[in-house]
Amino acid sequence: MTKKINTNESYNNLKFKMMSKNLKLIILTSLMATSLMANAQAKLKVGLGGGVNFSNFSGSDVNEAKSLMGYNGGLMTEIKFPIKLGVEADILFSKKGAGNIIFTDNQGNSIGSAEMKLTYIDIPVVAKIYFLKVVNLQLGAQYSFLLSANMNVMDGLDVKDQFNSGDLAAVLGFGVDVSVIHFSCRYNYGLASIDKSGADVKNNILTLTIGLWLKK
């Protein structure tokens, strides 16, 4: 990936904003539908969780980027239905990014390479299909709000203005819930570019999370 420090917002960024609004609407509608579906037999679970992220960039404009390890943590909620089905919605502080990012000046001259470190608030909403009693398959979507973006050069170069304020991802994974103990492994596949310049750069993250249900 080659990163320019200054650039203009492109048509792709406008398309991204439209997709962001649509996904927000889908997530909000899903949460409202889940609330309406909940009845006296459904169980609400609330807990705290945290874990590790293995993140990287993908896309046609990404060259030789390397995986970067970060972390995640925050609030977990789930509505568990008596038909081996649940819906989990989390709010997570999440560190992502990639290594070996090549960046240039305005003349296109290579300045060097560095790690790109991104900080997000992730809001994944996944359906959980239970089998073997405690094991579940997870499928859903995630919207993320960008908090910061920095390169580890010059005591931390702030490049937040070069990235879209949000990110979209499809989520696929599995989990294990035994009593109050929660574990999940999810792969988040970026659906839209995170780069305002229009370059094809997407977040891809493998997350491993362990948590504790405080109310179940």
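Since every read-out is calculated from the coordinates, none of them should be taken as a lab result. Owing to the predicted nature of the structure, the values given are computational and were not obtained by experimental measurement. A quick note on method: Cβ atoms are made from the backbone with ideal geometry, for glycine too, and the neighbour counts reach across all protein chains shown.
Some values worked out for this structure:
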| item | result |
| --- | --- |
| Tail weight of P(r) past 23 Å, computed on alpha-carbon pairs of the range 64-216, percent | 41 |
| Ascending count of other beta-carbon atoms within 10 Å, so fewest first, for 64, 78, 115 | 64, 115, 78 |
| Estimated distance in nm for a label pair at residue 75 and residue 91, the labels positioned 7 Å out from Cα along Cα-to-Cβ | 0.3 |
| Residue 85 long-range amide H proximity, modeled H, under 5 Å | 130 |
